[in-house]
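Let me begin by presenting the structure, written as structure tokens, before commenting on it.
Nothing in this text is a laboratory measurement; each read-out follows from the coordinates by a stated rule. It should be emphasised that the depicted structure is a prediction, and the values quoted were computed from it without experimental measurement. A quick note on method: Cβ atoms are made from the backbone with ideal geometry, for glycine too, and the neighbour counts reach across all protein chains shown.
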Amino acid sequence: DNGQHILLGAYRATLALMKQVGVDPATALLRLPLQMRYPLANQADGMDFVAPRLPAPWHVAVALLRAKGLAREDKMALARFSTTARWMGWQLHEDCSVADLLQRFDQTDRVTRLMWRPLCIAALNTPPERASAQVFLNVLRDSLGARRAASDMLIPRLDLGALLPDATEAYLARHGGLVRPGVAVTRLLTGSEPGSWRLEDRLGESLGEFSGVVLATGPEAAAQLLEGLHDTHLLQALEHEPITTCYLQYDEQMRLPAPFLALLDAPERQAWGQFVFDRGQLGGDPGLLAVVVSAAGQAIADGHATLT
């Protein structure tokens with residue numbers, strides 16, 4: 001996955017790992033305050049919400065007061081959600097869908113469409129109708145419910161290879177590790193020693209024995225590797241949603257009013273995408289825009305011509 005993404009200030013472990021392998025997050029990432037800014041802030045399908053750099057939770061409260069494109073009932077609904085979730089300790093007695101949670105908290109259609117739906121799809125890669133409300137609350141707890149910097153949005157200035165994996169490979173090499181890219185592992189077998197594992201490539205040749213193995217693969221590949229070693233029916237039942245990044249090259253004078261903007265995602269009229277990024281403002285080519293389509297299964301099924 002080397003598309004366009006947003007990180008959060010709450011990702012402490014990720015940021016610490018970047019520093020450990022020699023990547024400086026301050027230069028590799030553009031740090032912006034929490035925001036949901038649409039191209040047409042005051043129109044029917046837009047708003048402008050930017051949190052000031054104030055201590056939590058005042059940054060959200062002031063952002064609500066200053067927000068453009070939201071009526072009083074919309075702002076009250078947002079405040080009610082945040083206050084009630086904090087009072088509940090961001091915990092549900094029984095899980096439900098995000099859509100059900102928003103209805104239970106009396107969120108207006110406008111707030112749901114412009115704030116909660118794109119945030120849910122971006123954070124969980126799942127539409128609110130199918131997404132877990134408790135998992136969504138966990139994300140909000142660690143960002144909105146934590147210190148102000150935790151809700152900051154971090155936009156990569158580098159491609160994701162340079163952002164972490166390339167530096168990690170160099171770090172491992174400096175510390176005696178060996179990285180072998182492009183080697184397909186097709187079989188996972190028990191090793192000669194108790195607790196050890198033996199790997200084989202597609203030709204059936206041994207890749208060596210190891211004291212531990214991490215299967216950082218999709219569920220289908222993991223199920224194939226674990227066949228005969230573990231019960232894999234739960235893995236085989238897992239489903240996933242793809243994420244698509246569409247790159248649109250305009251002339252070099254094209255520039256968005258901000259490094260990234262929210263978009264009104266409307267699958268019913270095949271208007272795909274939740275966010276658009278101006279790569280020219282992020283160290284990339286001028287005029288190059290990246291549109292992120294999370295939960296992109298239907299968009300992909302419609303075909304590239306329709307998506308374009």
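Taken over the chain, the ratio of Cα radius of gyration to 2.2 N^0.38 Å equals 1.14. What the phi angles of the range 161-170 give under the Karplus curve with 6.51, -1.76 and 1.60, with θ = phi - 60°, is a coupling list of x, 6, 5, 8, x, 4, 5, 5, 4, 5 Hz, glycine and proline written as x. Neighbour counting of Cβ atoms within 10 Å sorts the residues M254, M36, fewest neighbours leading, into M254, M36. Neighbour counting of Cβ atoms within 10 Å sorts the residues C246, C120, fewest neighbours leading, into C246, C120.
Taking the longest Cα principal axis of the chain as reference, the axis of helix 133-143 is set at about 80 degrees. Its Cα gyration tensor gives the range 181-237 an equivalent ellipsoid; the semi-axes, largest first and in whole Å, are 19, 14, 10. Computed on the range 59-174, the Cα convex hull volume stands at 149 Å³ per residue.
Inter-part distance, the range 105-175 to the range 229-277, computed on C-alpha centroids, equals 13 Å. According to the Kirkwood relation over distinct C-alpha pairs, the hydrodynamic radius of the range 122-178 is 14.4 Å. By the helix-only formula, in which each DSSP H run with n ≥ 4 contributes -39500 (n - 2.57) and the sum is divided by residues, the chain has a 222 nm mean residue ellipticity of -8500 deg cm²/dmol. Converting phi to 3J(HN,Hα) with the Karplus coefficients 6.51, -1.76 and 1.60 and the offset θ = phi - 60°, the range 7-12 yields 9, 10, x, 6, 7, 4 Hz in sequence order, with x at every glycine or proline. Residues T244, T308, ranked from the fewest to the most other C-beta atoms within 10 Å, line up as T308, T244. Projecting label points 7 angstrom from Cα along Cα→Cβ for A44 and A221 puts them 4.6 nm apart. For the chain, the longest principal axis of the Cα atoms and the long axis of helix 72-87 meet at an angle of about 50 degrees. Peptides 104-116, 205-217, ordered by how many other C-beta atoms sit within 10 Å of their residues on average, highest first, read 104-116, 205-217. Charge tally around L288: other residues with Cβ under 13 Å, Lys/Arg +1 each, Asp/Glu -1 each, net -3.
Taken one residue at a time, the phi angles of the range 216-231 give Karplus couplings (6.51, -1.76, 1.60, θ = phi - 60°) of 8, 10, x, x, 5, 5, 4, 4, 5, 5, 8, 4, x, 9, 9, 6 Hz. Gly and Pro are set to x.
Dividing the Cα radius of gyration of the range 80-146 by 2.2 N^0.38 Å, with N the residue count, gives 0.98. Database remark: amide H of L29 closer than 5 angstrom to the amide H of R157 (H placed geometrically; neighbours at sequence offset of 5 or more, or on other chains; Pro and chain starts carry no H).
Distance from the C-alpha centroid of the range 183-204 to that of the range 285-300: 38 Å, rounded to the whole angstrom.
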